[in-house]
1. May I ask which of K44/K255; K9/K44; K44/K87; K87/K239; K160/K274 have a Cα-Cα span longer than 24 Å here?
2. Report, to two decimal places, the Cα Rg of segment 94-200 normalised by 2.2 N^0.38 Å (N = number of residues).
3. Take the alpha-carbon centre of segment 193-266, take the same for segment 168-189, and report the distance between them in whole Å.
4. Relative contact order of the chain: what whole-number percent is it, with Cα pairs under 8 angstrom and at least 6 residues apart?
5. Projected onto the charge dipole of segment 1-160 (+1 at Lys/Arg Cβ, -1 at Asp/Glu Cβ, origin at the Cα centre), which of V140, T106, A123 gives the Cα projection farthest towards the positive end?
6. Can you say what percent of the DSSP beta bridges in the chain, counting only those with both residues inside, are antiparallel? Round to 5.
7. Mean residue ellipticity at 222 nm from the helices of the chain, using -39,500 (n - 2.57) per DSSP H segment of n ≥ 4 over the full residue count, to the nearest 500 deg cm²/dmol?
8. List, largest first, the extents of the alpha carbons of segment 197-267 along their principal axes, each in whole Å.
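Nothing in this text is a laboratory measurement; each read-out follows from the coordinates by a stated rule. Just so it is clear, the model here is predicted, and its values are computed rather than measured. Cβ placement follows ideal geometry from the backbone for every residue including glycine, while neighbour counts extend to all protein chains displayed.
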Amino acid sequence: MISDYLDIKEEVKDALDNNKPIVALESTIISHGMPYPENIISAKRSEAIIREAGGIPATIAIIKGRIKIGLTESDLDHMGKDSGITKASRRDMAMILSKGMDGATTVATTMLCADLAGIRVFATGGIGGVHRNGQTTMDVSADLQELAGTNVGVVCAGAKSILDIGLTLEYLETHGVPVIGYGTENFPAFYIRESGYKVDYRVDNPAEIAKALKVKWDLGLKGGMVIANPIPEEFEMDKEYISAVIDEAVESAEKEGVKGKGITPYVLARLHNKTGDKSLFANKELVYNNVRLAAQIAIEYAKQ
Ligand code: PSU
Ligand code: MN
């Protein structure tokens with residue numbers, strides 16, 4: 001039984017039983033996406049924003065081989081402080097659970113676990129995608145495959161241009177994943193509001209997004225939806241500046257021979273170091289902006 005592997009926190013269980021709005025949050029962003037202690041500050045602030053907006057947060061992680069749906073404060077501290085926690089993507093789940101290990105859930109595994117629990121809305125910073133040169137290396141984030149098949153709406157600030165955004169959008173199109181722009185026609189690129197690529201549809205209010213999710217799943221169209229929410233203007237970074245830093249970080253990863261699941265965390269850490277934490281500040285603000293929108297979508301979704 002699936003329930004044998006899940007520990008659902010009491011308030012999340014209550015929310016599930018009573019159709020209250022819930023927003024799932026990932027833990028790779030805590031353990032591998034941001035440095036300590038900003039990672040924990042950001043995780044707690046995200047939960048608080050969801051509550052202020054009238055939702056229930058459910059941060060997801062694997063602790064001692066158990067899938068936790070909703071973390072306690074000490075769980076959050078553990079995920080942020082312990083530097084040895086494995087980044088858990090879909091392929092890692094069975095081993096991490098059977099060995100009783102800890103695992104930080106990526107977008108892919110947070111979707112997977114949210115779906116197991118019955119949570120339909122999830123907020124993060126940026127999704128993984130097709131890496132630059134992915135047509136040769138075949139480095140395509142498992143996040144995209146999960147979006148293709150798992151029924152969870154993912155609110156994000158687009159994808160970082162450490163990836164090939166054009167190929168990422170092609171992949172999503174092939175797999176039937178709608179890409180929605182919240183208040184914009186342009187697919188955002190994390191630190192900047194416009195990547196130069198278009199979204200499939202622009203939607204200007206959370207109720208319309210909730211309706212689209214319901215219609216999609218009512219029709220039996222399996223898979224998620226990318227709800228791309230641009231970073232607020234006041235926090236947007238300078239395009240030339242951040243592009244140059246990203247190029248340098250991607251080159252450095254190549255030169256150092258960083259491979260596989262180590263690439264994204266390596267590049268993120270390098271960006272934070274090279275920008276004197278300017279990118280970390282932007283990262284936190286765009287996450288807060290995303291969790292706020294996700295709470296509004298979850299509230300509308302619960303009304304249907
Ligand atoms: N992008 C970010 N911050 C992150 C991640 C991506 O800006 O923390 C994390 C997410 O958990 C995402 C994962 O699911 O990296 C993708 O890793 P990979 O490229 O190895 O699939
Ligand atoms: Mn990869």
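1. Beyond 24 Å between Cα atoms: K44/K255; K87/K239.
2. My calculation over the Cα atoms of segment 94-200 gives 1.10.
3. Measuring centre to centre over Cα atoms gives 8 Å.
4. The value is 20 percent.
5. V140
6. Just about 30 percent of them are antiparallel.
7. Using -39500 (n - 2.57) per qualifying helix, the result is -14000 deg cm²/dmol.
8. Principal extents (largest minus smallest coordinate, Cα): 48, 32, 18 Å.
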